[in-house]
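These notes concern the structure reproduced below.
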Amino acid sequence: MEKAEYTVANKSDDTVVCYSPTMITTNGVWQGDNPLDYSLPLFILQLTLVVVTTRLLVFILKPLRQPRVVSEILGGVLLGPSVLGRSVNFANTLFPLRSVMVLETMANIGLLYFLFLVGVEMDLSVIRRTGKKALAIAISGMILPFVIGICFSFILHGNEAEPLAHATYILFLGVALSVTAFPVLARILAELKLINSEIGKLAMSSALINDMCAWILLALAIALAENDSTSLASLWVVLSSATFVSICILVVRPAISWMIRRTPEGESFNEFYICLILTGVMISGFITDAIGTHSVFGAFVFGLIIPNGPLGVTLIEKLEDFVSGLLLPLFFAISGLKTDVASIREGQTWGILAVVIVLSCAGKIAGTVLVTTFYQMPLSEGFTLGLLMNTKGLIEMIVLNVGKDQQVLDDESFAIMVIIAVVMTGIISPIVATIYKPARRFVPYKRRTIQRSKPDGELRVLVCVHGPRNVPTIINLLEASNPTKKSPICVYVLHLVELTGRASAMLIVHNTRGSGRPALNRTQAQSDHIIHAFENFEQNSSFVSIQPLTAISPYSSMHEDICGLAEDKRVSLIIIPFHKQQTVDGGMEATNPAFRTVNQNLLANAPCSVGILVDRGLSGSTRLAANEVAHHVAVLFFGGPDDREALAYGWRMCENTGTSLTVLRFVASDESLASTTELPPHMHDQDDPRILTAETDGVQEKRFDEEYLNEFRTKSEENELVVYAEQVVNNGEETVAVIRSLDIQHDLFIVGRGQGMSSPVTTGLTDWSECPELGAIGDILASSDFASTVSVLVIQQYVGLMPHETAAIPDTPPGQPDDKLANRWTPQASGTATPVF
């Protein structure tokens, strides 16, 4: 047996811990071995316990808008001596002292690589672009909390300590109180949908500067803490650190750039290069640890010198999930395991704790408000910005852990600071969400539908894309939408990205990258592919303008971003992909169930018309000229506002000389109408207002249908590529049979969603509806058993009333139908259709 000294977390005296270096793996329970006596099985169990506990807390605290870091620290506190660890049996069985060394070593390896990734993802060019305002906010937000830390250090640390030890204590306490956690702040801003706002950009820039200052102060604090005997050693540590940074910038960065140049564009990096860089992280950690600063400092600096681009993407893809999902929670758990709330014994200390929380929070807010007032920003924005700058996280926990390891912070001070970190970070999201309501200016505009858009005005379309697979069909659809000099199309391309816990997901919104700069991560690379495809379309087409954007949100609230953008940009139509995609065998399978939730929420809340695109490919069958593609489009018309909108879109498309349009109107036979007009016995009261309203609405909708169809037929009569036909059917079965006979001839169906409309021709179709959000007809066309290679666009017309708006009415004034056209409508027997022109 060998002996190792280790300090017990909640005692000041040293305890001798005996362990055997050979007891790593067990021989098995069948031979009488207890797996928990061996280091590897015990570590696996500890890791599992930590990950499960933190993930459970993430799930529980999610409704309270708590960032993941709060759950991870609380998970450690829960497993530590404050809660479960109070049970001696639990502590000695699952977290015995002999296991702490292995646990801390693995936690620090995870921390090493995580800080390397933070460095890789961080764009220092933001600091150069920030300007004086962000710099002033960052510095003022650090000074006041630092001063408060100095004041309270005398109360918490006492006056009897040596001057140098007290100076080190002040430095640790001041850094811990004044730091702002950049990755955690980015996550909070994204969840509150402020990341793209002016206040969000300012907060991110200030936090980045604050982070840099914190790293410098941390390096200084460690240098002082480790060399309390003489200040000359501290000077050597600072100089050595500066030399290390210089070597990284002047020698290592050019070497890595050479590796990147050696790799042809588009090809994956040589495994040898990747291994070299991953080894470099550990070497950097070893060097900085050896010269007297913490190993994470070296890993962070090494990450910063990695050039933004495909190498960064590769490193993030290889490391991020494993490091941030599995190893990093260990570090926070270790912090929690070291936190013993019981060590704060006196009521006076709890009072001091409350005062520290309030004053340090107020200090940051006051410092920020002073600067924002100087720059003439509203007081509410200054207060919110100050609150956001109070976000704590990883850097503070590193500061506290180093301080405890160096015995600068005792158990009581450490526990106080951990509680402060959790409370300050935990209260930010709920408070900001409650008090800060960005002034949402109301955008009144009338052209919320295609039907109401001016024929000689710009058509604005918002196209939502989940991934590159959605792009080709959408581009072909836009190409067929007839952009002309009189009526150009302005397309806002919105790449929808799910908000995850990754800092990299946040940064792609904050950093406006110049053209030609390489992508920072997989999401950004995917965005670049999508944007590139649409920009090519813009260059090769006339009268089309493209504006690419990215929305990063949880799927549950993504529709808010889409609706907000649609209203701000005054678009007439939102096109979003269906949640199912076609498989190789022609069937339809769901790609992500969350996409369906987005679509449903969008249909319920959209400020304009919405089209859901069922993508089965849409390519031109015949090339007519350089810019024209032949498309065969069919509009299935049943009646109602949605079908009128579908017809309006089809009408616009048929004005393109390369697009043929078939409009098939389904008419209920006299028999089916007679059977459906009979009211149930309880509704025979002639005075019932429900009957009167339903009858009035139905008559009015029919009148609108007739008027719009009249206008369409009059204006399209001379167009040889337009075919109008009517089909008399008795029920839903006959309707389906007619639709099935059409699928070979066309490559796009446009149908109305038909919400709120009931008709004998769709009777029974909704009984087995798989996707009700598409409506009865859209659901049939999108189903797997509908043997078709035809894409489908299901349109819902915006019919809601906004303030200062009038009801949506057809462009043609109400009046009697044209007799000549009325006589030319020739309904036929069921099963046949006669073209009129």
For Leu45 and Val341, what does the FRET efficiency come to when R0 = 25 Å and r is the distance between their Cβ atoms, rounded to the nearest 0.05?
0.50
Over region 20-63, what percent of the accessible surface lies on carbon and sulfur atoms, probe 1.4 Å?
69
For Cα pairs less than 8 Å apart in space and 6+ apart in sequence, what is the mean separation divided by the residue count of region 29-436, i.e. the relative contact order in percent?
30
Tell me which residues come under 5 Å, amide H to amide H, from Val463 once H is placed; ignore anything under 5 positions away on its chain.
Tyr492, Val493, Leu494, Ile575
Shape call for region 244-387 from the C-alpha gyration tensor, a ≥ b ≥ c root eigenvalues: rounded (a/c under 1.5), prolate (a/b greater than b/c) or oblate?
prolate
For Val355 and Val251, extending 7 Å from Cα along the Cα-Cβ vector and measuring point to point gives, in nm, a value of 5.1
With a ≥ b ≥ c from the Cα gyration tensor eigenvalues, square-rooted, and the rule rounded for a/c under 1.5, otherwise prolate when a/b > b/c and oblate otherwise, region 191-318 is oblate
Under the Karplus relation with 6.51, -1.76 and 1.60 and θ = phi - 60°, whole-Hz ³J(HN,Hα) for region 722-736, x at Gly and Pro, equal 9, 10, 10, 9, 10, 10, 8, 10, 9, 7, x, 4, 5, 4, 4
Note, ³J(HN,Hα) from phi for region 40-56, Karplus 6.51, -1.76, 1.60, rounded to Hz, x at Gly and Pro
5, x, 5, 5, 4, 5, 4, 4, 4, 4, 5, 5, 5, 4, 5, 5, 5
First check a/c for region 29-436, with a ≥ b ≥ c the square roots of the eigenvalues of its C-alpha gyration tensor; if it is under 1.5, answer rounded, and if not, answer prolate when a/b is larger than b/c or oblate otherwise.
rounded
For peptides 336-342, 200-206, sequence by mean Cβ density within 10 Å, most packed first:
200-206, 336-342
If R0 = 22 Å, then Ile216 and Val147, at their Cβ-Cβ distance, give a FRET efficiency to the nearest 0.05 of 0.75
In nanometres, the difference between 0.36 nm per residue of separation and the alpha-carbon distance of Asn270 and Val83 is 62.5 nm
Taking H placed 1.01 Å from N in the peptide plane, check which residues at least 5 places from Arg665 or on another chain put their amide H under 5 Å from its amide H.
Phe637, Ala725, Glu726, Gln727
The extension gain from Arg261 to Arg65, computed as 0.36 nm times the residue separation minus the Cα-Cα distance, is 66.2 nm
Please list 3J(HN,Hα) in residue order for region 384-393, calculated via the Karplus relation 6.51 cos²θ - 1.76 cosθ + 1.60 where θ = phi - 60°; whole Hz, with x for glycine and proline.
4, 4, x, 4, 4, 6, 7, 4, 10, x
Ranked by how many other beta carbons lie within 10 Å on average, peptides 207-214, 313-320, 291-298 from highest:
291-298, 207-214, 313-320
Estimate the FRET efficiency between Asp37 and Gln407 by the formula 1/(1 + (r/R0)^6), using the beta-carbon distance for r and 22 Å for R0, to the nearest 0.05.
0.10
Provide the per residue accessible area, probe 1.4 Å, for region 29-436, rounded to a whole number of square angstrom.
42
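The values are calculated or read from the model by the stated rules, or taken from the named source; none is laboratory data. Computed from a prediction, not measured in an experiment: that's the story for all the values here. Ideal geometry is used to build each Cβ from the backbone, glycine not excepted, and the neighbour counts take in all protein chains shown. The area values use the complete protein model at the heavy-atom level, side chains included, leaving out ligands, DNA and RNA. Shrake-Rupley method; radii C 1.70, N 1.55, O 1.52, S 1.80 Å.
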